[in-house]
1. Here is a list: Leu198, Leu166. Which entry is touching a strand residue (DSSP E or B) at 6+ places or on another chain (Cβ under 9 Å) and either more than 22 Å from Thr122 (Cα to Cα) or without any contact (Cβ under 8 Å) to a residue 60 or more places away in the chain (or both)?
2. Being closer than 22 Å to Ser116 by Cβ and at pLDDT 95 or above: is that true of Leu11 here?
3. For Ala75, all conditions in the list (1) free of Cβ contacts under 8 Å to residues at least 60 places away in the same chain; (2) crowded, with 16+ Cβ neighbours inside 10 Å; (3) within 17 Å of Phe132 (Cα to Cα); (4) touching a His at 6+ places or on another chain (Cβ under 9 Å) hold save one; what is the number of the exception?
4. What are the residues in region 1-57 that are touching a strand residue (DSSP E or B) at 6+ places or on another chain (Cβ under 6 Å), among the aliphatic types (A, V, I, L, M) and in a strand (DSSP E or B), if any?
5. Looking at region 68-78, can you tell me whether even one residue there is closer than 17 Å to Gly8 by Cα and assigned to a helix (DSSP H, G or I)?
6. Determine the pairs where a residue that is among the polar types (S, T, N, Q), located within region 135-154, has a partner that is at pLDDT 95 or above with Cβ atoms under 7 Å apart, the partner being 6 or more residues away or on another chain.
7. Condition check: in contact (Cβ under 8 Å) with a residue 12 or more places away in the chain and farther than 25 Å from Pro203 by Cα. Does His32 satisfy that?
Amino acid sequence: MSSSRLPGKVLRPLLGEPMLARQIERIQRSRHIDRLVVATSEHPSDEPLEALCKERNIRCFRGSIGDVLGRYWAAAQAHGPSRHVVRLTADCPLTDWQVIDAVIDHHLEEGADFTSNDQKDTFPKGLEVEVFKTGHLESAFHEARDPYEREFVTPFFLHNPDRFRLANLECDPPMADLRWRVDTPDDLAFVTRVYEALYPTDPAFLSEDVVNLTRDDKKSVRAVGF
């Protein structure tokens with residue numbers, strides 16, 4: 001809730017529902033995620049997030065506002081046990097369950113310690129997915145010293161490629177020029193338009209539907225594959 005560029009963005013309305021609730025609705029279509037936890041901070045400004053979770057019967061964990069890595073580890077402990085953790089940031093209301101599951105599948109098939117789809121930018125910004133083994137999250141929690149690694153949770157894995165088996169899923173064709181994350185009023189206006197155009201007829205719309213909508217705006221439509 002303390003976003004400096006767009007305060008309270010995760011509760012901004014999308015078709016009459018808080019943005020976070022819309023994202024949760026999309027994440028819950030995943031066939032692989034069996035436990036969903038909103039890991040927010042203990043800061044008083046985040047009390048509305050906890051209230052929303054209670055209202056929607058969603059697990060919620062509150063931890064450090066600055067040490068997000070510590071918050072993740074504590075959340076995994078509180079809502080475990082688990083073998084793997086999937087990290088999704090809460091400002092991506094166009095997240096796609098098919099992309100989430102594809103990254104998870106790739107992680108398991110590769111036998112990786114850490115897998116994402118943004119080590120090389122090919123997916124639209126706002127579809128980022130990270131998957132890592134819970135045991136390695138514990139290692140990062142105990143060993144990471146860099147403030148950057150504490151704030152952004154997963155850089156510890158990327159900074160130690162000789163120690164962790166890394167894997168990355170790429171989008172074909174690449175679409176890294178597209179921005180679907182919500183950081184600014186313009187971003188929110190874009191995702192609002194997407195929901196207004198697609199959600200009424202298909203609440204489970206996919207990334208390719210968003211791509212086609214934006215390409216239609218430019219009078220060109222292209223197929224997309226993941």
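1. Being touching a strand residue (DSSP E or B) at 6+ places or on another chain (Cβ under 9 Å) and either more than 22 Å from Thr122 (Cα to Cα) or without any contact (Cβ under 8 Å) to a residue 60 or more places away in the chain (or both) holds for just one of Leu198, Leu166, which is Leu166.
2. Details: closer than 22 Å to Ser116 by Cβ: no; at pLDDT 95 or above: yes.
Taking the combined requirement at face value, the residue does not satisfy it.
3. Only one criterion is unmet by Ala75, namely (4).
4. Val37, Val38, Ala39, listed by residue number.
5. Narrowing region 68-78 to residues closer than 17 Å to Gly8 by Cα: none.
The answer is no, given that none of the residues of region 68-78 is closer than 17 Å to Gly8 by Cα and assigned to a helix (DSSP H, G or I).
6. Sorted first by the residue in region 135-154, then by its partner, the pairs are Thr154/Arg87; Thr154/Phe114; Thr154/Glu130; Thr154/Phe132.
7. Judged against the criteria, His32 is not a match.
This table checks each residue for (1) among the acidic types (Asp, Glu); (2) touching a helix residue (DSSP H, G or I) at 6+ places or on another chain (Cβ under 7 Å); (3) surrounded by 15 or more Cβ atoms within 10 Å (Cβ to Cβ).
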position	(1), (2), (3)
Glu130	yes, no, yes
Thr134	no, yes, yes
Glu138	yes, yes, no
Pro155	no, yes, yes
Arg163	no, no, no
Thr201	no, no, no
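The values are calculated or read from the model by the stated rules, or taken from the named source; none is laboratory data. Everything numeric in this text was worked out from a predicted model, so none of it was measured. Backbone-built Cβ (ideal geometry, glycine too); neighbour counts: all protein chains shown.
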